[in-house]
Amino acid sequence: MKETLKTQVCTKCGLEKPLSEYYFRKDRNIYRRYCKKCQNKYVSEYSKKNRAVLRERYRSKNTERKRKWREDPVNREKHNKASREWLKRNRQYSNAKGAKKRAAKLQATPAWADLKKIEEIYKNCPPGYHVDHYFPLKSPIMCGLHTELNLQYLPAKENIRKKNNVTLEQQLNG
């Protein structure tokens, strides 16, 4: 029986190395002739020498693709429809992103805020409820912070009715 070849000689550095040190070409079902180290060095040098050519090639491909996409109203409409449907199913992601952006604009997110917990609060918001800032981010009386401790779930109607007003109880406790 014939044993399978488990090593190969790199044609660039001339060293015999195991096949795990070579990239596999799926299109031709063979290992490359250069080892990974030599291949990476070659690609790096080539990229440095031909940076302008590669950048122009990338730009021309992308601008052509974007132009075709913009000119084809069917593709654009399909994309827009899919985006709207995804947004309807995943409203919490959009809400979390919007709240984060508003808080950043107001500089209301302290460095110690746990952003992952805040995101989880938005993701786990039950249907028919809104994520509300207990102390509003922007109010004539006081301003709250965008932290996990200042967030609560409120029924949608109650949250809309509340707006950004601060109750007397909140003033006394806060």
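Please treat every number below as a calculation from the coordinates, not as lab data. As the structure is a prediction and not an experimental result, all values here were calculated from the model.
Please list, ordered by chain and number, the residues whose modelled amide H lies under 5 Å from the amide H of Leu151; skip anything fewer than 5 residues away on the same chain.
Tyr134
Along segment 20-34, what does the Karplus equation 6.51 cos²θ - 1.76 cosθ + 1.60 (θ = phi - 60°) give for ³J(HN,Hα), rounded to whole Hz, x for Gly and Pro?
Per residue, the Karplus-derived 3J(HN,Hα) values read 5, 8, 10, 6, 9, 9, 5, 5, 10, 6, 9, 8, 5, 7, 8 Hz.
Candidates (i) 1.26; (ii) 1.67; (iii) 0.95; which is the computed Rg/Rh (Cα atoms, Kirkwood Rh)?
(i)
Tabulate in residue order the Karplus-calculated ³J(HN,Hα) for segment 58-68, using 6.51 cos²θ - 1.76 cosθ + 1.60 with θ = phi - 60°, rounded to whole Hz; enter x for Gly and Pro.
5, 4, 5, 5, 5, 5, 5, 5, 5, 4, 4
Of Lys26/Lys49; Lys138/Lys163; Lys41/Lys66, which ones are farther than 22 Å apart at the Cα?
Too far apart for the 22 Å limit: Lys26/Lys49; Lys41/Lys66.
Helix 73-89 versus the longest principal axis of the chain: what angle, 0 to 90°, nearest 10, using Cα atoms?
With both axes taken from Cα atoms, the answer is about 50 degrees.
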